[in-house]
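Following: one structure in structure tokens, then a few remarks.
The values are calculated or read from the model by the stated rules, or taken from the named source; none is laboratory data. This one's a predicted model, so the numbers in the text were calculated from it and none came from an experiment. Using ideal geometry, Cβ is built from the backbone for each residue, glycine included, and neighbour counts are taken over all protein chains shown.
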Amino acid sequence: MRRPLLNRFNPPQLIALTFAFTILVGALLLYLPMTHQAGQSLSVVQALFMATSALCVTGLAVADPGTTFNLFGQLVILALIQIGGLGIITFGTLFAFVLGRRINFSERIRLAQQVSAFEVGGVVRLIRRIFLFTLAAELIGTALLAIDFVPREGWGRGLYFAFFHAVSAYNNAGFSLYPDGLLGFVRDPLVNLVIAALVILGGMGFIVQINILSHWRHPRTDRILVHSKIVLSVMAALLVAGTLLFLLFEWNNPATLGPLPLGDKLLAGFFQGMTPRTAGFNTVDFGGITQPTIFITIIFMFIGANPGSTGGGIKTSTFFVMMVAAISLVRGRGDLVAFGRRVARETVVRAMTVGLLSLGLVNTGLLLMLIANHDNTLSFERLFFETVSAFGTVGLSMNVTFSLNPDQELILLVLMYLGRIGPLTFAVAFGNRNKNEVVKYPPERDILIG
């Protein structure tokens, strides 16, 4: 008896293939004239780019969503954002629930891989809670944003704009229906704080969200996981550091914070300190930021959000393990310890592998972007910024995305795809793994490092 088609693929392969297939479907829809405003059109590469950016919740755009696409086209983008943020396999499970179909064991394994769950057992119940939590967060965000958008746009348009931006923010997508993004809201505390809260919540990670909620409801029985403590600590540290450094480097910059009064400077500094964590929204023009801010933003974009979240990057836990492992080695400690628990060596090796593969991918992408930079029309720092933004699925840009040629657009859409599914997932999915290795070679201790 032949196995069902989906069961012939392991979880990493299925994740990679379903993302690729959905991108193609989304690109086809966005290419069709029925999704465009009157007089607007896209090339095949542009349609692929927009579909990849939406599904990989990046936010880089070669066409303005609000003026290029009609309502149907915008809803296609919104659907891709929601599907990409939660995960395609996770979404497939939702339809299985609706149809009343039972989830078999192989499907549970794929679900656990999709949401970065620690165990297969209970993963179906976890998925239900993730959907309910996501729905609640997006609806509350819509209601709060509507307080501001309805007076601006009217009831129907205002509610639609509030819902679109709430979904985009929670899924860390960074897409906006306004031609200048959120630049017009730099002095609006309601929009800034609601968008920031949704971004932080979405980038927290599904496992962490459910863990904190369970601990809040049952503090005596449901403890906060070490994983949650690690990623929340790194999140808080990066948010504080990002805010302070942006304020420090941009305080007197006439192109960003310089013209703003004190209160608005602090609000804008907080928002821009938050947004490199794969959010993609910005309330000041990143085309005018200083070189120190460019450097810091690139580092933060590379680190990204938490595992199992709607964000990208190498992930906060990977960064933490890499840094603590290096510190432990320098101090001569044999084990890596975090919050009173020893971190397994396999975890350290995995973190180092993710970091190295990601660094290699970004460098390769940057080299290709420079090769495709005909006549040196774009500066090195702007291409570097754009490359890391694509890999980290961030969506921030120094105003160069619309100036990219088709070759550069293809390079970035591949980076967005690999950044969303993860370079290690892709390598495991299609690497040639030898399962029959039975020979173990003697260790060599005379290899000098450093």
- Message: With the structure loaded, tell me whether Leu260 is surrounded by 15 or more Cβ atoms within 10 Å (Cβ to Cβ) and under 26 Å from Gly419 (Cβ atoms) or whether it fails that test.
- Response: no
- Message: Being surrounded by fewer than 21 Cβ atoms within 10 Å (Cβ to Cβ), among the polar types (S, T, N, Q) and modelled with pLDDT of 90 or more is the requirement here; does Thr243 meet it?
- Response: yes
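One line per residue, one yes/no per condition, for (1) within 16 Å of Val231 (Cβ to Cβ); (2) touching a strand residue (DSSP E or B) at 6+ places or on another chain (Cβ under 7 Å); (3) modelled with pLDDT of 95 or more:
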{"site": "Gly269", "(1), (2), (3)": "no, no, yes"}
{"site": "Arg277", "(1), (2), (3)": "yes, no, no"}
{"site": "Gly280", "(1), (2), (3)": "no, no, no"}
{"site": "Gly287", "(1), (2), (3)": "no, no, no"}
{"site": "Ile294", "(1), (2), (3)": "no, no, yes"}
{"site": "Ser309", "(1), (2), (3)": "yes, no, no"}
{"site": "Gly313", "(1), (2), (3)": "yes, no, no"}
- Message: Which residue is surrounded by the most Cβ atoms within 10 Å (Cβ to Cβ), if the candidates are limited to the range 344-377 and must be over 22 Å from the mean Cα position of the chain (by Cα) and closer than 26 Å to Val321 by Cα?
- Response: Val348
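Every residue, every condition in (1) farther than 19 Å from Ile81 by Cα; (2) modelled with pLDDT under 85; (3) small (Gly, Ala, Ser), yes or no:
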| site | (1), (2), (3) |
| --- | --- |
| Ala117 | yes, yes, yes |
| Ile140 | no, no, no |
| Leu145 | no, no, no |
| Arg152 | yes, no, no |
| Gly156 | yes, no, yes |
| His165 | no, no, no |
- Could you please let me know if Leu329 is part of a helix (DSSP H, G or I) and within 23 Å of the chain's Cα centre (by Cα)? no
- Query: When both residues are 6+ apart or on different chains and their Cβ atoms are under 6 Å apart, which pairs have a first residue that lies in the range 170-186 and is surrounded by fewer than 24 Cβ atoms within 10 Å (Cβ to Cβ), and a second that is assigned to a loop (DSSP other than H, G, I, E, B) and among the aromatic types (Phe, Trp, Tyr)?
  - Reply: Leu182/Phe281
- Message: Would you confirm whether or not the range 196-208 contains a residue that is farther than 27 Å from Ile147 by Cα, outside any loop (DSSP other than H, G, I, E, B) and either β-branched (Val, Ile, Thr) or without any contact (Cβ under 8 Å) to a residue 12 or more places away in the chain (or both)?
- Response: yes
- Check whether at least one residue in the range 228-238 is out of contact with any Cys (no Cβ under 8 Å at 6 or more places or on another chain), free of Cβ contacts under 8 Å to residues at least 40 places away in the same chain and crowded, with 20+ Cβ neighbours inside 10 Å, and report yes or no. yes
- Which of (1) over 25 Å from Ala236 (Cα atoms); (2) in contact with a strand residue (DSSP E or B) (Cβ under 8 Å, 6 or more places away or on another chain); (3) not small (Gly, Ala, Ser) is the odd one out, the single condition Val324 does not satisfy? (1)
- Message: If Glu250 meets every condition in (1) surrounded by fewer than 22 Cβ atoms within 10 Å (Cβ to Cβ); (2) at pLDDT 95 or above; (3) over 29 Å from Phe163 (Cβ atoms) apart from one, which number is that one?
- Response: (1)
- Message: Can you list residue pairs whose Cβ atoms sit under 8 Å apart, with the first residue in the range 334-348 being free of Cβ contacts under 8 Å to residues at least 60 places away in the same chain and the second being of a type in the set (Asp, Glu)? Count only pairs 6 or more apart in sequence or on different chains.
- Response: Arg342/Asp335; Val343/Asp335
- Mind checking which residues of the range 378-416 are under 11 Å from the mean Cα position of the chain (by Cα) and over 20 Å from Thr290 (Cα atoms)? Ala390, Phe391, Gly392, Thr393, Met416
- Residue count, the range 306-339 (criterion: surrounded by fewer than 20 Cβ atoms within 10 Å (Cβ to Cβ), at positive phi and of a type in the set (Gly, Ala, Ser)): 1
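Yes/no matrix, rows are residues, columns are (1) under 30 Å from Arg223 (Cβ atoms); (2) of a type in the set (Asp, Glu); (3) modelled with pLDDT under 90; (4) in contact with a Phe, Trp or Tyr (Cβ under 9 Å, 6 or more places away or on another chain):
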{"residue": "Val348", "(1), (2), (3), (4)": "yes, no, yes, no"}
{"residue": "Gly365", "(1), (2), (3), (4)": "no, no, no, yes"}
{"residue": "Ile371", "(1), (2), (3), (4)": "no, no, no, no"}
{"residue": "Phe391", "(1), (2), (3), (4)": "no, no, no, yes"}
{"residue": "Tyr441", "(1), (2), (3), (4)": "no, no, yes, no"}
- For the range 289-305, name all the residues that are more than 24 Å from Leu201 (Cα to Cα) and surrounded by fewer than 24 Cβ atoms within 10 Å (Cβ to Cβ). Thr290, Gln291, Pro292, Thr293, Ile294, Phe295
